[in-house]
Amino acid sequence: MHNLAVNLERSAALFPTKAALKMGADDVSYQQLNDYANIVAHNLVKLGLVLGDKVALSCPNMTYFPIAYYGILKAGCVVVPLNTLFKSREIAYHLNDSDAKAYFCFEAPQTSADEQYGRIGFAQAPNCEHFISMLASSNDEHALETWLEASPQPFESIARQGDDTAVILYTSGTTGQPKGAELSHTNMLTNAMRLSI
């Protein structure tokens, strides 16, 4: 099994109480991160996502990003991280071009309707079936915050081959339309191992 998320499961088994994430005064342990990622994976499977489906992710540098990221990988899906500065036209382009089936989107609660670029872009991507807000709101059918209130259940990462795509990173598009570069589970693991030396 080459699913990159197995590394999180291994770390949770070896260092369950060690801090994996720190944000301000809050710590998230490896076990908590794994539990949260399991919840995300369960919910993605409930939504009908299957092996190899693309899931876009717009989130600033906060704890929700790795929670969603690893949950997507655990479910056997492909992460498509998007720049948080994208406007609706750019979001729609990336959702359509990547053939994303779901979209995790962080938008500040005080954002006005005409500045909710994620929602507007999602509405312009007919093949993207699920909008998953990161923050709970009465307007959203699915929200990461609401999902994370559930009790964690075990979820074994779905097996992938080493050369299966784990992440699609887009070029900046300075000389034309942005292009997606597919990085495999082995690519990502090798890069992580080289950085830890």
Report summary line: Every listed condition ((1) charged (D, E, K, R); (2) in contact (Cβ under 8 Å) with a residue 24 or more places away in the chain; (3) closer than 19 Å to ASN139 by Cβ) holds for ASP35 save (3)
Report task. Please enumerate the residues belonging to the range 126-149 that are in contact with a strand residue (DSSP E or B) (Cβ under 7 Å, 6 or more places away or on another chain) and of a type in the set (Gly, Ala, Ser). Result -> SER133, ALA136, SER137, ALA143
Report summary line: Residue hits (the range 65-83; of a type outside the set (A, V, I, L, M), crowded, with 22+ Cβ neighbours inside 10 Å and in contact (Cβ under 8 Å) with a residue 60 or more places away in the chain) are TYR70, LYS74
Report task. Select the strands (runs of 3 or more DSSP E) contained entirely in the range 30-107, then report the ones holding at least 1 residues which are more than 23 Å from GLY162 (Cβ to Cβ). Result -> 54-58, 100-105
Report summary line: Flagged pairs (Cβ under 8 angstrom, 6 or more apart or on separate chains; first in the range 1-29, touching a residue at least 24 places away in the same chain (Cβ under 8 Å); second assigned to a loop (DSSP other than H, G, I, E, B) and surrounded by fewer than 17 Cβ atoms within 10 Å (Cβ to Cβ)) are MET1/ALA159; HIS2/ALA159; HIS2/GLN161; HIS2/GLY162; ASN3/ALA159; MET23/MET62
Query - Criterion (over 14 Å from the mean Cα position of the chain (by Cα) and aromatic (Phe, Trp, Tyr)) met by exactly one of PHE122, PHE106 - result: PHE122
Report summary line: Residues in the range 37-56 that are buried (at least 23 other Cβ atoms within 10 Å of the Cβ), within 12 Å of LEU144 (Cα to Cα) and in contact with a strand residue (DSSP E or B) (Cβ under 9 Å, 6 or more places away or on another chain) total 2
Report summary line: Those residues of the range 152-186 which are under 15 Å from ASP99 (Cα atoms) and among the small types (Gly, Ala, Ser) amount to ALA166, GLY180, ALA181
Report summary line: Per the filter on the range 149-183, residues in contact (Cβ under 8 Å) with a residue 24 or more places away in the chain and touching a Pro at 6+ places or on another chain (Cβ under 9 Å) are VAL167, ILE168, LEU169, TYR170
Requested in this report: Using the structure shown, decide if PHE86 is surrounded by fewer than 24 Cβ atoms within 10 Å (Cβ to Cβ), of a type in the set (Phe, Trp, Tyr) and within 19 Å of GLY180 (Cα to Cα).
Outcome: yes
Requested in this report: Can you tell me which residue among LEU73, LEU44, LEU57 is more than 10 Å from the chain's Cα centre (by Cα) and of a type in the set (A, V, I, L, M)?
Outcome: LEU44
**Report entry** ASP114 being free of Cβ contacts under 8 Å to residues at least 12 places away in the same chain and either out of contact with any helix residue (DSSP H, G or I) (no Cβ under 7 Å at 6 or more places or on another chain) or part of a loop (DSSP other than H, G, I, E, B) (or both)
**Finding:** yes
Query - SER112 being farther than 23 Å from LEU183 by Cβ, touching an Asp or Glu at 6+ places or on another chain (Cβ under 8 Å) and of a type in the set (S, T, N, Q) - result: no
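Values in this text are rule-based calculations from the coordinates and carry no lab data. Computed from a predicted model, the values in this text were never measured in an experiment. Quick reminder, even Gly has a Cβ in these numbers, built from the backbone with ideal geometry, and neighbours come from all protein chains shown.
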